[in-house]
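**Student:** The structure under discussion is supplied below as structure tokens; questions concerning it will follow.
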Amino acid sequence: MRLDKYLKISRLVKRRTLAKEIADKGRIEINNRPAKSSTAVNVGDKITIHYGDKIVAVEVLQIAENVKKNAATDLYKILAK
């Protein structure tokens, strides 16, 4: 699954276009490597998102095409906030 779509479905970012902009600016890393919005996300990957002064790191637990709002947090495990 594409990075921008995963961030939207997991609700780590509100909109897919916002996820694309953040990724294309180099503010998202997958496994400590800069990632573009089209980068493939796999189970076990560690995603780090830089929001200004805040850094959020998560590990991908599962990938799903459709997720209900209250089940979105089951897709990842927060490593650092």
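**Student:** Search segment 54-78 for residues that are without any contact (Cβ under 8 Å) to a residue 60 or more places away in the chain and pair each with any residue that is among the acidic types (Asp, Glu) when their beta-carbon atoms are under 8 Å apart and the residues are at least 6 apart or on different chains.
**Tutor:** GLU59/ASP45; VAL60/ASP45; LEU61/ASP74; GLN62/ASP74; VAL67/ASP74; LYS77/GLU59
**Student:** Go through LYS8, LYS54 for me and flag whichever is of a type in the set (Lys, Arg) and crowded, with 18+ Cβ neighbours inside 10 Å.
**Tutor:** LYS8
**Student:** Among all residue pairs at least 6 apart or on different chains, which show Cβ distances below 7 Å where the first residue, located in segment 20-36, is free of Cβ contacts under 8 Å to residues at least 24 places away in the same chain and the second is among the charged types (D, E, K, R) and not in a loop (DSSP other than H, G, I, E, B)?
**Tutor:** Once the first residue is free of Cβ contacts under 8 Å to residues at least 24 places away in the same chain and sits in segment 20-36, its partners that are among the charged types (D, E, K, R) and not in a loop (DSSP other than H, G, I, E, B) give LYS20/ASP4; ALA23/ASP4; ASN31/LYS46.
**Student:** Restricting to segment 57-81, and then to whatever is among the hydrophobic types (A, V, I, L, M, F, W, C) and more than 14 Å from LYS5 (Cα to Cα), can you tell me which residue is surrounded by the most Cβ atoms within 10 Å (Cβ to Cβ)?
**Tutor:** Residue satisfying both the conditions and the ranking: VAL58.
**Student:** Hey, another quick one. Look through segment 20-46, keep the residues that are among the charged types (D, E, K, R) and part of a loop (DSSP other than H, G, I, E, B), and return whichever of them is surrounded by the most Cβ atoms within 10 Å (Cβ to Cβ).
**Tutor:** Step by step, filter segment 20-46, then rank; the result is ASP45.
**Student:** Right, here's the next one. Residues being of a type in the set (S, T, N, Q) and either without any contact (Cβ under 8 Å) to a residue 12 or more places away in the chain or under 15 Å from LEU12 (Cβ atoms) (or both): count how many of those fall in segment 37-53.
**Tutor:** Of the residues in segment 37-53, 3 are of a type in the set (S, T, N, Q) and either without any contact (Cβ under 8 Å) to a residue 12 or more places away in the chain or under 15 Å from LEU12 (Cβ atoms) (or both).
Throughout, read-outs are computed from the coordinates displayed, never taken from laboratory work. Predicted model only: the values in this text are computed from it and were never measured. All Cβ positions, even for glycine, are placed from backbone atoms using ideal geometry, and neighbour counts span all protein chains on display.
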